[in-house]
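Written below as structure tokens is the structure these notes are about.
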Amino acid sequence: MDKIRHQTSETFRLSALLALSGGFQDAYTYNVRDGVFSNAQTGNVVLMSQNLMMGQWGKALHYLFPVVTFALGVLVAEGIRYRYQKTKKIHWRQIVVALETAILFLAGFIPKSFNMAATMLVSFACAMQVQTFRKVHGYGYASTMCIGNLRSGTESLALYIREKKPGALKKAIHYYGIIFVFALGAGLGGIVSVSVGLPAIWVSSVLLAVAFLMMNREKM
């Protein structure tokens, strides 16, 4: 039986690169952009609600804006997919990656006095990424967060333990591998962000530029 050939956008290598960038982005905004998450919108919603209940409206908005721009990022990614999915010169996913790369590069120039604007840009970019790249080897996953991957990986592990299906174990390893790479990106992001400061986000831009080139090598 022939092996299933997956699109470049679904290979583990590319998915790992995106997860590495996703972890880096979250660590960057948390460490150098006033402790706000760019990807983990659940955490932002919790902190926003807490501050609202305490009557701290300014702080509540501090966490609300990244949530709103994350939603906008999903809308834009879907708009790009709808408009360019039949274009043959360049794949629509490459358009998203190129745009994300440019946005993150721009964020590195924004001074600390405009931290919220920078965080909103990073949230917008990562939303486009998570909406655009949703499969690794045919398995649904997220490249900018862990909870869904952890649930799916553990579910597959439980299936393997119960029924000893090799495919279930392979699936679990894929999910845990993505989580590991995301954590690695977050760790590196924390170290580089503290050491380099605001321009540290350019590391993510470089990673995404590599992802763009990887997709360019194969017609997707």
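The values are calculated or read from the model by the stated rules, or taken from the named source; none is laboratory data. Keep in mind that this is a model prediction, so the values were computed, not measured. Heads up, the Cβs are rebuilt from the backbone with ideal geometry, glycines too, and the neighbour counts pull from every protein chain shown.
The sole residue among Ala98, Ala125, Ala118 that is farther than 18 Å from Leu20 by Cα, part of a helix (DSSP H, G or I), touching a residue at least 60 places away in the same chain (Cβ under 8 Å) and within 18 Å of the chain's Cα centre (by Cα) is Ala118. Checking each residue in segment 19-66 for being among the aliphatic types (A, V, I, L, M) and touching a residue at least 60 places away in the same chain (Cβ under 8 Å) picks out Ala19, Leu20, Ala27, Val32, Val36, Ala40. Filtering Ser113, Ser152 for residues that are over 19 Å from Leu207 (Cα atoms) and touching a strand residue (DSSP E or B) at 6+ places or on another chain (Cβ under 9 Å) leaves a single hit, Ser152.
Among residues of segment 144-164 that are closer than 21 Å to Phe24 by Cβ, those with a beta-carbon under 8 Å from a residue that is in a loop (DSSP other than H, G, I, E, B) at least six positions away or on a different chain give the pairs Thr144/Asn39; Met145/Asn39; Met145/Ala40; Gly148/Tyr141; Gly148/Ala142; Asn149/Tyr141; Asn149/Ala142.
Taken over segment 31-88, the criterion of being in a helix (DSSP H, G or I), closer than 14 Å to Leu121 by Cβ and in contact with a Gly (Cβ under 8 Å, 6 or more places away or on another chain) is satisfied by Val32 alone. Here is the figure for segment 96-145: residues that are buried (at least 24 other Cβ atoms within 10 Å of the Cβ) and among the charged types (D, E, K, R) total 1. Identify, please: which residue in segment 129-167 is modelled with pLDDT under 80 and small (Gly, Ala, Ser) and is, among those, nearest to Leu20 (Cα to Cα)? The residue in question is Ser143. Would you confirm whether any residue within segment 152-160 is of a type outside the set (Phe, Trp, Tyr), on the phi < 0 side of the Ramachandran plot and part of a loop (DSSP other than H, G, I, E, B)? Among the residues of segment 152-160, not one is of a type outside the set (Phe, Trp, Tyr), on the phi < 0 side of the Ramachandran plot and part of a loop (DSSP other than H, G, I, E, B), which makes the answer no.
Within segment 193-220, being more than 30 Å from Thr87 (Cα to Cα) and surrounded by fewer than 21 Cβ atoms within 10 Å (Cβ to Cβ) holds for Val194, Ser195, Val196, Gly197, Leu198, Pro199. Count of segment 128-144 residues, restricted to those that are over 8 Å from the mean Cα position of the chain (by Cα) and not in a helix (DSSP H, G or I), is 9.
Among the hydrophobic types (A, V, I, L, M, F, W, C) and within 13 Å of the chain's Cα centre (by Cα): does that describe Val181?
So Val181 fits the description; yes.
There is no residue in segment 168-179 that is of a type in the set (Val, Ile, Thr), part of a helix (DSSP H, G or I), surrounded by 15 or more Cβ atoms within 10 Å (Cβ to Cβ) and at pLDDT 95 or above. Per the listing Val32, Val74, Val46, the residue uniquely surrounded by 17 or more Cβ atoms within 10 Å (Cβ to Cβ), of a type in the set (A, V, I, L, M, F, W, C) and either under 21 Å from the mean Cα position of the chain (by Cα) or closer than 30 Å to Val210 by Cβ (or both) is Val32.
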